[in-house]
1. Given the options 60, 40, name the one that is open to solvent by 70 Å² or more (accessible area, probe 1.4 Å), out of contact with any Pro (no Cβ under 8 Å at 6 or more places or on another chain), assigned by the TED database to the domain that holds residue 5 and at pLDDT below 70.
2. Return yes when residue 26 is aliphatic (A, V, I, L, M), loosely packed, with under 12 Cβ neighbours inside 10 Å and on the phi < 0 side of the Ramachandran plot and no when it is not.
3. Pick from the stretch 1-43 the residues that are closer than 21 Å to residue 69 by Cβ and of a type in the set (Ser, Thr, Tyr): which of them is farthest from the chain's Cα centre (by Cα)?
4. Would the stretch 44-51 turn up any residue that is modelled with pLDDT of 75 or more, open to solvent by less than 30 Å² (accessible area, probe 1.4 Å), out of contact with any strand residue (DSSP E or B) (no Cβ under 7 Å at 6 or more places or on another chain) and closer than 28 Å to residue 142 by Cα?
5. Being farther than 25 Å from residue 52 by Cα, in a loop (DSSP other than H, G, I, E, B) and not β-branched (Val, Ile, Thr) is the filter; apply it to the stretch 78-107 and report the residue that is farthest from the chain's Cα centre (by Cα).
Amino acid sequence: AKILPEELFMEVFLPKVRACLESLAVDGISAKCFLVPHLDDSFSDFVVPQPPLDLSNAGDLGHSAAMGNIELLTNPSFISVGAGRGVKIGLTSLSILEDLSAVAMILGPVEDRMSALCTALVKQRSLYPLYPPSASVPLDTHGLQRTLTS
């Protein structure tokens, strides 16, 4: 029997996440779980940026105590953590450093190419998009085109 992507998400993926969070709670660990979709997910939209995963059909599973520790994020996303929300962290499931490496021209000798790429990414102040995007990234450019032409 074939399983639909939505069923895979509801019957396999979410119960595993819930079980993991519940086992942490038993050990007295309060953990927050951030779920970011991936282009390879059979139950996620195949476009960047990606909307958050949809739990609207999760029924009782979506309302369990463990699921309260799950935050559904877009891809890419930024979260703020720490006291006063002072640290901002960027999250993406895209291989941004790999894509950046393919197009980056770093002038002069570089001891650590990965550090140079990370520095370039931070200076770019955006996780995506590289423009033009890598051929493997289905970037929705409608909004981007309006931004670039206005």
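The values are calculated or read from the model by the stated rules, or taken from the named source; none is laboratory data. Just so you know, these numbers come straight off a predicted model, no measurement behind them. With ideal geometry, Cβ positions are generated from the backbone for all residues, glycine too; neighbour counts draw on all protein chains shown. Quick note on the areas: whole protein, heavy atoms, side chains included, nothing else; ligands and nucleic acids left out. Shrake-Rupley method; radii C 1.70, N 1.55, O 1.52, S 1.80 Å.
1. On the way: 40 fails: at pLDDT below 70.
None of the other options fit; the residue is 60.
2. On the way: aliphatic (A, V, I, L, M): yes; loosely packed, with under 12 Cβ neighbours inside 10 Å: yes; on the phi < 0 side of the Ramachandran plot: yes.
Against the criterion (aliphatic (A, V, I, L, M), loosely packed, with under 12 Cβ neighbours inside 10 Å and on the phi < 0 side of the Ramachandran plot), residue 26 qualifies.
3. If we filter the stretch 1-43 for residues that are closer than 21 Å to residue 69 by Cβ, which is where we start, we get 9-38, 41, 43.
Subsequent filtering for residues that are of a type in the set (Ser, Thr, Tyr) retains 23, 30.
Details: 23: 24, 30: 22 Å.
Ranking the qualifying residues of the stretch 1-43, first place goes to 23.
4. no
5. Ranking the candidates gives 107 first.
Listed here are the residues, each with its yes/no results for (1) more than 24 Å from residue 96 (Cβ to Cβ); (2) part of a helix (DSSP H, G or I); (3) not assigned by the TED database to the domain that holds residue 142.
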site	(1), (2), (3)
2	yes, no, yes
6	yes, yes, yes
15	yes, yes, yes
25	yes, yes, yes
46	no, no, yes
